[in-house]
1. Which order, highest average first, do 94-106, 176-188 follow once you tally other Cβ atoms within 10 Å for each residue and take the mean per peptide?
2. Could you give me the ³J(HN,Hα) list for segment 63-71, computed from phi with Karplus coefficients 6.51, -1.76, 1.60 and θ = phi - 60°, whole Hz, x at Gly and Pro?
3. With each label point set 7 Å from Cα along the Cα-Cβ vector, what nm distance links residue 148 and residue 77?
4. Multiplying the sequence separation of residue 189 and residue 157 by 0.36 nm and subtracting their Cα-Cα distance, what value in nm do you get?
5. Could you work out how much longer the chain between residue 136 and residue 68 gets when fully extended? Use 0.36 nm per residue separation minus the Cα distance between them, nm to one decimal.
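Laboratory data are not the source of any read-out in this text; all were calculated from the coordinates shown. These numbers were taken from a predicted model, which means no experiment stands behind them. Because the Cβ atoms are built from the backbone with ideal geometry, glycine has one as well, and the counts that use them run over all protein chains shown.
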Amino acid sequence: MDDDESREMQIVFIAGGGLGILASLFIMVTYGRFRSLDKTNNKLVFYLSVCDFMFSSKCFLTGCLMGYVDQFSSTLQPLDITDPCFLIGAFGYFSAFSTTSWNAMITVRLLRSFHYSAPSKSDHNDVEWPYHVYVWGVVSLSTSILIYLRAFGRSYNGCWIAVDHLWDVFWLLPLSIYILSCTVIMITLHVKIGRSMKQTNARNDILLHVCIWMD
């Protein structure tokens, strides 16, 4: 890419990463200051914001290091594990996959909250470990496999997965599954709420579910 394109891309990465960092920090600080937010639902949002902070930091770092570290290529170029771009790519993948995984867990948690027959605040303070086991387990395993296969390197998106078929299997496939699953869940919730709202006596129950989720 020429100097003008490189400069524009640098501005995009720094500005976008910086805004993401500020937004994530706002959520984390708000959660830390108000103990009333210490509920399972809000904790999942907090974990999401931590991962988003990590990924935004990767984007910000990408912009700051342009001109110092060779990160972009019109063709995929896997690198050695000691190369800075390899490490940036591994960190970026870990944080990006964690972010999308926590998004999926929040959607699953929302679906579960509408299946409680007698909702209460205790329902929303249930155990968190299954979410942590899934997110950190899947993400750590995927990242470890890609590191073992030396799959990170330069790409047209910066330091990222630099092997075509591994890009598809370890990023596009899980991302597609998450998007499809979350879409199905949200449609299911929409139908469920729509049917329930047709029954006058159920309206207060639906509002109660929503209020407990927000509490």
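1. 94-106, 176-188
2. x, 5, 8, 5, x, 10, 10, 6, 10
3. 2.8
4. Values: separation 32, 0.36 × 32 = 11.52 nm, distance 3.54 nm.
Extra length from residue 189 to residue 157 when fully extended: 8.0 nm.
5. Length gained between residue 136 and residue 68: 21.3 nm.
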